[in-house]
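The values are calculated or read from the model by the stated rules, or taken from the named source; none is laboratory data. Worth saying up front: this structure is predicted, and the values here are computed from it rather than measured. Cβ sites come from the backbone with ideal geometry, for glycine too, and all protein chains shown count toward neighbours.
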Amino acid sequence: MQATPRAATRSSGPVEAVSATVPGMDAQDWDERYAASEMVWGAPPNPVVVEFAASLPHGRALDLGCGEGRHSLWLATRGWEVVGTDFSEVALDKARRIAAQAPKRSRDRLRYLQSNVISDTFDGDYDLILSIFLHFPPAQRRALVDKAINSLKPDGILIFLGHDRTNLQHGTGGPKDPEILYTPTDIVSDIDGRLDIEIAERRHRKTESGTAVDALVVARKVSLGS
């Protein structure tokens, strides 16, 4: 998770919120949360990531706000060269310990970096960028989308998944601040024609407490000359 001037949230079930100013929502709090729980987010990758990434040719991937590394490690075991970033050093230490149990060939393809996805630049060009349950106010979210687009290689894929704004009225779990929630239309607007939109839709996801409503956008950077 990444700190922002106001609020940022990442969640795939429980709410994860981060802010430099709001008590209980800063890096230290998330370090403590990651330290107190064996696995905050669980080990299996999100089914949406599996659905759209499993058939892609291997390349370089960037996992933004990677937490305990479930998506980063899954990609590395499938042949991807992966950089996972998070602002919680405790989460990254846990991700490294989990990855240490993987085969050496997978570990050698995986690198974890402490980074703030809003204020820091992205290092390199990528064939796949994941933003999975990262939530920011609109200005910060647009800045994140801009950097992701600029860091995609031609024909690269962006997978943007989070809690839909309608989840407040029609779903369960997730952040309760409507300003940091979004819809597929919001992300398409942020992309502003710079990528080809392959998927932009709401997804309904079963949880222990009911059905959650997610927003999903999958977009591709058009190759030069295509």
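Values computed for the structure shown
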read-out: Complete set of residues in the range 148-163 that are of a type outside the set (A, V, I, L, M), buried (at least 17 other Cβ atoms within 10 Å of the Cβ) and under 17 Å from Ile191 (Cβ atoms); value: Ser151, Gly156, Phe160, Gly162
read-out: Hits in the range 56-73 (condition: modelled with pLDDT under 95 and in contact with a helix residue (DSSP H, G or I) (Cβ under 8 Å, 6 or more places away or on another chain)); value: Cys66, Gly67, Glu68, Gly69
read-out: Residues satisfying the stated conditions in the range 118-142, i.e. without any contact (Cβ under 8 Å) to a residue 60 or more places away in the chain and either under 19 Å from Arg78 (Cβ atoms) or β-branched (Val, Ile, Thr) (or both); value: Thr121
read-out: Matching residues, the range 202-226, being surrounded by 13 or more Cβ atoms within 10 Å (Cβ to Cβ) and among the acidic types (Asp, Glu); value: Asp214
read-out: Long-range neighbours under 6 Å by Cβ, at least six apart or interchain, first residue of a type in the set (A, V, I, L, M) within the range 61-86, second surrounded by fewer than 23 Cβ atoms within 10 Å (Cβ to Cβ) and assigned to a helix (DSSP H, G or I); value: Leu73/Ala99; Ala76/Ser106
read-out: The range 174-201, residues that are over 22 Å from Asp146 (Cα atoms) and buried (at least 18 other Cβ atoms within 10 Å of the Cβ); value: Gly174, Pro175
read-out: Selection count, the range 56-92, where residues are within 28 Å of Arg141 (Cβ to Cβ), assigned to a helix (DSSP H, G or I) and over 15 Å from the mean Cα position of the chain (by Cα); value: 3
read-out: Hits in the range 174-190 (condition: closer than 10 Å to Val217 by Cβ and either in a loop (DSSP other than H, G, I, E, B) or touching a residue at least 40 places away in the same chain (Cβ under 8 Å) (or both)); value: Tyr182, Thr183, Asp186, Ile187, Asp190
read-out: Residue in the range 191-200 that is assigned to a loop (DSSP other than H, G, I, E, B) and closer than 15 Å to Leu128 by Cα present; value: yes
read-out: Hits in the range 164-173 (condition: loosely packed, with under 15 Cβ neighbours inside 10 Å and on the phi > 0 side of the Ramachandran plot); value: none
read-out: Given (1) crowded, with 16+ Cβ neighbours inside 10 Å; (2) at pLDDT 95 or above; (3) of a type outside the set (Gly, Ala, Ser), number of the condition His135 does not satisfy; value: (2)
read-out: Within the range 85-114, tally of residues that are within 22 Å of Asn46 (Cβ to Cβ), at pLDDT 90 or above and among the small types (Gly, Ala, Ser); value: 4
read-out: Check on Ser115, out of contact with any Cys (no Cβ under 9 Å at 6 or more places or on another chain), in contact (Cβ under 8 Å) with a residue 12 or more places away in the chain, crowded, with 20+ Cβ neighbours inside 10 Å and hydroxyl-bearing (Ser, Thr, Tyr); value: yes
read-out: Residue within the range 84-99 that is surrounded by fewer than 24 Cβ atoms within 10 Å (Cβ to Cβ) and closer than 18 Å to Val49 by Cα present; value: yes
